[in-house]
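Working notes for the structure below.
The values are calculated or read from the model by the stated rules, or taken from the named source; none is laboratory data. In this text, all values refer to a predicted model and were calculated from it rather than measured experimentally. Note: ideal-geometry Cβ built from the backbone for every residue, glycine included; neighbour counts use all protein chains shown.
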Amino acid sequence: MSKKIEISKKFKNEYDNYYSDETKEWRELGAKDKVNNIVSITKKYRFKSLLEVGAGDGSILEELNRIDFCENLYGIEISSSGIDFIKKRKISKLKGLKLFDGYNIPYDDNFFDIAILSHVLEHVEYPRAILREIKRVSKYQIIEVPRDYSYNVDRKIKGLLKYGHINVYTPTLLRFLIKSEKFRIISDKMSFYSEDIVKYSYKTNNNMSIINKMKLNIFLILRNIAFNLVSNSRKETMINTYTIFTRKPH
């Protein structure tokens, strides 16, 4: 009999106390970006039930609830601190919230219309295992990852591991993984971080003098101009996040 796949004790311990009030503002800003991507890529579809796998502190679920994205929201999370944060939010459409082992989703086949795996896959020790589980329990899926890969990415490993990113992806690599697991891609989206995210990061790491504000505004303008001028292959090296909307095979 094959051994049941579970998250390692090391990872479980690290994530149990991962969420705190110190990162709340950042996570809620990020949630707005992620939900905007979800809405834009599924705008022709309506769903009654949604599961967020790796729901974190509940920022995405709360934003989905605010915009009335679907009737019934569910979340599963490996971190006990994340579960506590989600409960505090008192999300009105949240019908189920469970602590899980990282790989084995505690719901029946096709229980959900759609499952969301947003900025989770880069943290997962066995990506194919969790992808097979979300495909099992849902008819449609949203998968979003940060574009962490760049030339000499191995020299940046210390910084990436600091945030728990043990896998790196490009749009092409993610599409290969998704297609090799027999998902059907409906649409995809390449995105930059929003101006609010960029400005928050800049304010946190820099002195927001008048000159620095001007530099930031120029950067944002030039970023968008450059993106519209280059080929799709070049765009894949520029973006911050990549989102795929998929369905399971009939």
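Can you name the residue in region 205-250 that is part of a loop (DSSP other than H, G, I, E, B), within 22 Å of the chain's Cα centre (by Cα) and of a type outside the set (S, T, Y) and, of all such residues, is surrounded by the fewest Cβ atoms within 10 Å (Cβ to Cβ)?
Filtering region 205-250 down to residues part of a loop (DSSP other than H, G, I, E, B) leaves 206-209, 230-231, 236-240, 248-250.
Those left that are additionally within 22 Å of the chain's Cα centre (by Cα): 236-240, 248.
From what is left, the residues that are of a type outside the set (S, T, Y) are 236, 238-240, 248.
Values: E236: 17, M238: 13, I239: 17, N240: 15, K248: 17.
Result: M238.
Can you name every residue in region 154-172 that is β-branched (V, I, T), surrounded by fewer than 17 Cβ atoms within 10 Å (Cβ to Cβ) and out of contact with any helix residue (DSSP H, G or I) (no Cβ under 7 Å at 6 or more places or on another chain)? It would help to see each step written out before you state the result.
Going through region 154-172, the residues β-branched (V, I, T) turn out to be 157, 166, 168, 170, 172.
Adding the requirement that they be surrounded by fewer than 17 Cβ atoms within 10 Å (Cβ to Cβ) leaves 157, 166, 172.
Passing the criteria: I157, T172.
Cβ-Cβ below 7 Å, separation at least six or inter-chain, first residue in region 62-77 and within 11 Å of L51 (Cα to Cα) and without any contact (Cβ under 8 Å) to a residue 60 or more places away in the chain, second of a type in the set (K, R) and outside any loop (DSSP other than H, G, I, E, B): which pairs?
Here the result reads C70/K48; N72/K48; N72/K95; L73/K95; Y74/K95; I76/K98, each pair linking region 62-77 to a residue that is of a type in the set (K, R) and outside any loop (DSSP other than H, G, I, E, B).
Please indicate, with yes or no, whether at least one residue in region 131-145 is closer than 19 Å to T237 by Cβ and touching a helix residue (DSSP H, G or I) at 6+ places or on another chain (Cβ under 7 Å). Lay out the reasoning, then the answer.
Filtering region 131-145 for residues closer than 19 Å to T237 by Cβ gives 144-145.
If we keep only those that are touching a helix residue (DSSP H, G or I) at 6+ places or on another chain (Cβ under 7 Å) as well, we get 144-145.
So far as region 131-145 goes, yes, one or more of its residues are closer than 19 Å to T237 by Cβ and touching a helix residue (DSSP H, G or I) at 6+ places or on another chain (Cβ under 7 Å).
Whether any residue in region 180-189 is at positive phi and at pLDDT 95 or above is what I want to check. Let's see the steps before the verdict.
Within region 180-189, the subset at positive phi is 182.
Now narrow it down to the ones that are at pLDDT 95 or above: 182.
Looking for residues that are at positive phi and at pLDDT 95 or above, one finds at least one in region 180-189, hence yes.
Going by what's in this entry, would Y151 be described as free of Cβ contacts under 8 Å to residues at least 12 places away in the same chain and within 16 Å of the chain's Cα centre (by Cα)?
Answer is no for this residue.
Out of everything in region 56-96 that is aromatic (F, W, Y) and in contact with a Gly (Cβ under 9 Å, 6 or more places away or on another chain), what residue ends up being nearest to A31 (Cα to Cα)? Before you say what the answer is, go through the steps one by one.
At the first step, the residues of region 56-96 found to be aromatic (F, W, Y) are 69, 74, 85.
Then drop every residue that is not in contact with a Gly (Cβ under 9 Å, 6 or more places away or on another chain), which leaves 74, 85.
Details: Y74: 16, F85: 14 Å.
Out of the qualifying residues, it is F85.
Applying the selection to region 20-45, what residues are touching a strand residue (DSSP E or B) at 6+ places or on another chain (Cβ under 8 Å), farther than 11 Å from I116 by Cα and surrounded by 15 or more Cβ atoms within 10 Å (Cβ to Cβ)? Quick ask: steps written out before the conclusion?
Keep residues of region 20-45 that are touching a strand residue (DSSP E or B) at 6+ places or on another chain (Cβ under 8 Å), which gives 33-34, 37-38, 40-42, 45.
The next check asks that each one be farther than 11 Å from I116 by Cα; those that pass are 33, 37, 40-42, 45.
D33, N37, I41, T42 - these are the residues of region 20-45 that are touching a strand residue (DSSP E or B) at 6+ places or on another chain (Cβ under 8 Å), farther than 11 Å from I116 by Cα and surrounded by 15 or more Cβ atoms within 10 Å (Cβ to Cβ).
Just checking, how many residues over region 163-204 are in contact (Cβ under 8 Å) with a residue 12 or more places away in the chain and in a helix (DSSP H, G or I)?
In the first step, residues of region 163-204 are kept if they are in contact (Cβ under 8 Å) with a residue 12 or more places away in the chain; the result is 164-175, 177-178, 181-200, 202.
Now restrict to residues that are in a helix (DSSP H, G or I): 171-175, 177-178, 195-200, 202.
Adding up the residues that qualify gives 14.
I'm told E63 meets every condition in (1) under 20 Å from Y200 (Cβ atoms); (2) acidic (D, E); (3) modelled with pLDDT under 90 except one. Can you identify the failing condition by its number?
With (1) under 20 Å from Y200 (Cβ atoms); (2) acidic (D, E); (3) modelled with pLDDT under 90 applied to E63, the lone miss is (3).
Touching a strand residue (DSSP E or B) at 6+ places or on another chain (Cβ under 8 Å) and closer than 25 Å to R27 by Cα: which single residue out of E195, E236 fits that description?
Details: E195 fails: touching a strand residue (DSSP E or B) at 6+ places or on another chain (Cβ under 8 Å).
Just a single option satisfies the conditions, and that option is E236.
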